[in-house]
Amino acid sequence: IRFVGTKAFWDLINSTDQEMLAFHNVPPQDFIRLDQERELRRRATRFRRYKDEERILIVVIPGRPHEQLHLELYHEARDEIFFMGLRDAWSNVGATTLPERPGGNRGEGDSSGSPRPQPNGRSWPTLVIEAGDLPSLQKLREDMRWWFSASNHQVQIVLLAKLDRPGRRIILEKW
């Protein structure tokens, strides 16, 4: 979808029934404005990836299956950490947007968490979960590679959860 302005962007986001949209020709200053407006609108959208050099913004409008998929998986991982007696040593980070470099590419996972406090001034989560119905497993694997590369491997575990409706199964991968 060609980006033609913030009003048209939000009109489409508010009227679509699609889970994922890709906008092309999104200038960095408009991405910043969209991110600020998203906070004000409190719209349940995720800016899964912003590629500043290509000016591409991948937007996820998560539905119930998407949310259940990553939240259940995250809660299982978090509960295991708590059962080890580390409840006070773990911080839920959620779907925080993280920059690859200042003013550059950005990514937002579905769920994430880190030890508390972060060791050695780290700012990236240790665990990231990426889930989806629409993105292919290949696209989810591209997301995984982005997390490791962008964080310089501060992200140590990426869990992928792919809902395969036709096959009536959930595909899980741990990286």
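The values are calculated or read from the model by the stated rules, or taken from the named source; none is laboratory data. Everything numeric in this text was worked out from a predicted model, so none of it was measured. Reconstructed Cβ throughout: ideal geometry from the backbone, glycine too, with neighbour counts over all protein chains shown.
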Exercise. List the pairs whose first member sits in region 81-92 and is farther than 12 Å from Pro117 by Cα, whose second member is of a type outside the set (Gly, Ala, Ser) and in a strand (DSSP E or B), and whose Cβ atoms are under 8 Å apart, counting only residues at least 6 apart or on separate chains?
Worked result: Ile81/Trp90; Phe82/Trp90
Problem set entry | Set Arg55, Arg46, Arg64: member being within 17 Å of Asp133 (Cβ to Cβ), of a type outside the set (A, V, I, L, M) and surrounded by 13 or more Cβ atoms within 10 Å (Cβ to Cβ) | Arg46
Problem set entry | Boolean, Ala95 is surrounded by 14 or more Cβ atoms within 10 Å (Cβ to Cβ), touching a residue at least 60 places away in the same chain (Cβ under 8 Å) and in the same structural domain as Ala150 (by TED's automatic domain parsing) | no
Seminar exercise, completed: Log entry, pairs with first residue in region 111-131 being farther than 15 Å from Leu73 by Cβ, second being among the small types (Gly, Ala, Ser) and in a helix (DSSP H, G or I), beta carbons closer than 7 Å, six or more apart or on different chains, reads Pro115/Ala89; Arg116/Ala89
Seminar exercise, completed: Filtering region 1-45 for residues that are assigned to a helix (DSSP H, G or I) and either within 24 Å of Arg64 (Cβ to Cβ) or touching a helix residue (DSSP H, G or I) at 6+ places or on another chain (Cβ under 9 Å) (or both) leaves a count of 15
Exercise. In region 1-39, how many residues are free of Cβ contacts under 8 Å to residues at least 60 places away in the same chain and either more than 13 Å from Glu54 (Cα to Cα) or polar (S, T, N, Q) (or both)?
Worked result: 26
Seminar exercise, completed: Scanning region 40-65 for residues that are in contact (Cβ under 8 Å) with a residue 60 or more places away in the chain and in contact with a Gly (Cβ under 6 Å, 6 or more places away or on another chain) gives Arg49
Exercise. Regarding Glu39, is this residue of a type in the set (Asp, Glu) and either under 19 Å from Ala150 (Cα atoms) or under 15 Å from the mean Cα position of the chain (by Cα) (or both)?
Worked result: no
For this session: Within region 132-161, work out how many residues are touching a helix residue (DSSP H, G or I) at 6+ places or on another chain (Cβ under 7 Å) and modelled with pLDDT of 90 or more.
Result: 5
Exercise. Can you tell me how many residues in region 105-139 are within 22 Å of Ile32 (Cα to Cα), among the charged types (D, E, K, R) and out of contact with any Asp or Glu (no Cβ under 9 Å at 6 or more places or on another chain)?
Worked result: 1
